[in-house]
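First up is the structure itself, then whatever we jot down about it.
The values are calculated or read from the model by the stated rules, or taken from the named source; none is laboratory data. Quick caveat: nothing in here was measured; it's all calculated off a predicted structure. Positions of Cβ are backbone-derived with ideal geometry, glycine not excepted, and every protein chain shown enters the neighbour counts.
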Amino acid sequence: MATRVPETVELARLAKYPFLREASGFVLGEKVSLEEILLEPAYARARSLGKARVLEALEKGPASDRIAVATADQLAGLLAYPVARILVSALEDTYLIRRFALREAVSAEGRLASEPDDFVVHLAAEMGMDLRREDGGFRLHFTDFLRFTNTMRDTPWKLINQPVEGGYVVLRREKALRVMRNAIQRHIEQGLPLPVNEDILGAFRGDLAEIRGILMAKKATFKAADIGKVSITRFPPCMYNLLAQIQNHENVPHMGRFAIVAFLHHIGLGNEEIFRVFGDVPDFAADVTRYQIEHITGTSSPTEYTPPECSTMKSYGICPGPDRICMTIKHPLSYYRVKGRERRPRGENASTAV
Ligand code: SF4
């Protein structure tokens, strides 16, 4: 039978992985309401750590060191997570959500390196992964491998290049943790944004204005600012993510490249403007880029391709999960049109943040 882990150690671990179900259970067990965390003077430290968490995600690279939380501060560190989720939600920005989720996931991946295998398997199960221990590493069901590596189509990550036994991909420990990073990132992204009510918006007005200012400055540095005449703020989450991946020098799978080129073409960008967006993709030589853009836009081919429908985007794993507008449309181009016509109303209830 497993030895009972002392509560302080449990809290220390939950503070490291606050996206776990047990973490929200712990907060509920403390009988602290979200409103108290957000508004009571006693939780000022948690609020300040929560804000720091969002700023970290925005201002620093995903792999840089985190702000250290002292042992005595672990409860505040844990409570900082729902605060950060509320702040991210209040700004309703896909780029910020993605950056926040990536930062949290990279941080968790680093911490998992020193966790025992049993805990790694436990966390994987919470992320919906069928991960099992294997001598010197792990094995992961091939469907989960495909699901969580679909943005990493480089040769070392192709299923055909993995040892597969009885339907399970055999992975070295660090490779298994890298796949878990993707699963954690997706888990966090899918839970955002939360509905945020006017009281909370009012209480955080100053902090939100500060974060929004930094967010806007960050976005202004996008080379995609070259795309000028179209509005990035009207992009659906899928296209926003693809653009952010390109800007972050991440490899974008072929279908993702196809989708963003066709999307940018259909909202009015010329080939040269699209080319500038793609200029920094590392594995993409300039002549190949131009060739593909000209082919997709119908410049050098008889077909002017349209971006894939939402159902296709989902089947390729490049739909990050629908938001409110997505629920009303079936095509990413419709999102751009709808967003141009409306302002978003706010939700009423913040009780799901913990
Ligand atoms: S539902 Fe459609 S528009 Fe929304 S993110 Fe997914 S693919 Fe894009």
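What the table shows:
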| item | result |
| --- | --- |
| Residues (within 19 Å of the chain's Cα centre (by Cα) and basic (K, R)) located in segment 174-222 | R178, R181, R186, R212, K218, K219 |
| Residue within segment 339-348 that is at pLDDT 80 or above and within 13 Å of the ligand (Cβ to nearest atom) present | yes |
| Tally of residues being in contact (Cβ under 8 Å) with a residue 40 or more places away in the chain and part of a helix (DSSP H, G or I) across segment 118-132 | 5 |
| Top-ranked residue in segment 293-333 [being outside any loop (DSSP other than H, G, I, E, B), under 20 Å from E92 (Cβ atoms) and out of contact with any Cys (no Cβ under 9 Å at 6 or more places or on another chain); ranked as farthest from the ligand (Cβ to nearest atom)] | T328 |
| Leading residue by the ranking (surrounded by the fewest Cβ atoms within 10 Å (Cβ to Cβ)) among those in segment 193-212 that are under 13 Å from A84 (Cβ atoms) and not hydrophobic (A, V, I, L, M, F, W, C) | D207 |
| Members of segment 216-258 found to be under 13 Å from F278 (Cβ atoms), aliphatic (A, V, I, L, M) and either within 15 Å of the ligand (Cβ to nearest atom) or modelled with pLDDT under 70 (or both), listed by number | A224, I227, L242, L243, V252 |
| Filter result for R98 (farther than 15 Å from E189 by Cα, outside any loop (DSSP other than H, G, I, E, B) and not acidic (D, E)) | no |
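The rows are residues; the columns are (1) outside the structural domain of C238 (by TED's automatic domain parsing); (2) more than 23 Å from M127 (Cα to Cα); (3) modelled with pLDDT of 85 or more.
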{"residue": "K16", "(1), (2), (3)": "yes, no, yes"}
{"residue": "I37", "(1), (2), (3)": "yes, yes, yes"}
{"residue": "E40", "(1), (2), (3)": "yes, yes, yes"}
{"residue": "V69", "(1), (2), (3)": "yes, yes, no"}
{"residue": "V83", "(1), (2), (3)": "yes, no, yes"}
{"residue": "A101", "(1), (2), (3)": "yes, no, yes"}
